[in-house]
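Engineer: Handing you a structure now.
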Amino acid sequence: MSHARFEWDPEKDAANRRKHHVSFAEAQHAFVDSRRVIARDLDHRQAEERFYCFGLVKGGVLTVRFTYRDGAIRIFGAGYWRKGKAIYERENQIYK
């Protein structure tokens, strides 16, 4: 994470904290997980490519929605979602 630059819209961060109880500052930590999974958002069909990062943060799998913009990772959503956890466990071959 020391080499990556992160940015976000403060209003979206505030809305995300209210709705999902996760700040974008906290969401940065998903990128530090050595077993993180990065996936393209195939449902997003606009000019700017969007991605998901699934990474372990505070004992849970955090899903972060982001894009690359002007050399920075721009976060626009984050939360602890079951689908993200399932993808993380499948890709890391974690079986329960």
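Engineer: Just to check your reading of the model, which residue among G71, G55, G79 is more than 13 Å from the chain's Cα centre (by Cα) and not charged (D, E, K, R)?
Structural biologist: G71
Engineer: Let me ask another. When the stretch 17-65 is examined, which residues are found to be touching a strand residue (DSSP E or B) at 6+ places or on another chain (Cβ under 8 Å) and among the aliphatic types (A, V, I, L, M)?
Structural biologist: V22, A27, A30, V32, V37, I38, A39, L56, V61, L62, V64
Engineer: Also, quick follow-up: Restricting attention to the stretch 46-60, which residues are farther than 14 Å from H21 by Cα and in contact (Cβ under 8 Å) with a residue 12 or more places away in the chain?
Structural biologist: Correct list: E48, E49, R50, F51, Y52, C53, F54, G55, L56.
Engineer: Would you please list the contacts, defined by Cβ atoms under 6 Å and residues six or more apart or on different chains, that run from a residue in the stretch 80-96 that is under 16 Å from G59 (Cα atoms) to a residue that is open to solvent by 90 Å² or more (accessible area, probe 1.4 Å)?
Structural biologist: N92/R35
The values are calculated or read from the model by the stated rules, or taken from the named source; none is laboratory data. Everything quoted here is computed from the prediction, not taken from an experiment. Glycine gets a Cβ as well: all are built from the backbone with ideal geometry, and neighbour counts include every protein chain shown. Areas reflect the complete protein model, heavy atoms only, side chains present, ligands, DNA and RNA absent. Shrake-Rupley method; radii C 1.70, N 1.55, O 1.52, S 1.80 Å.
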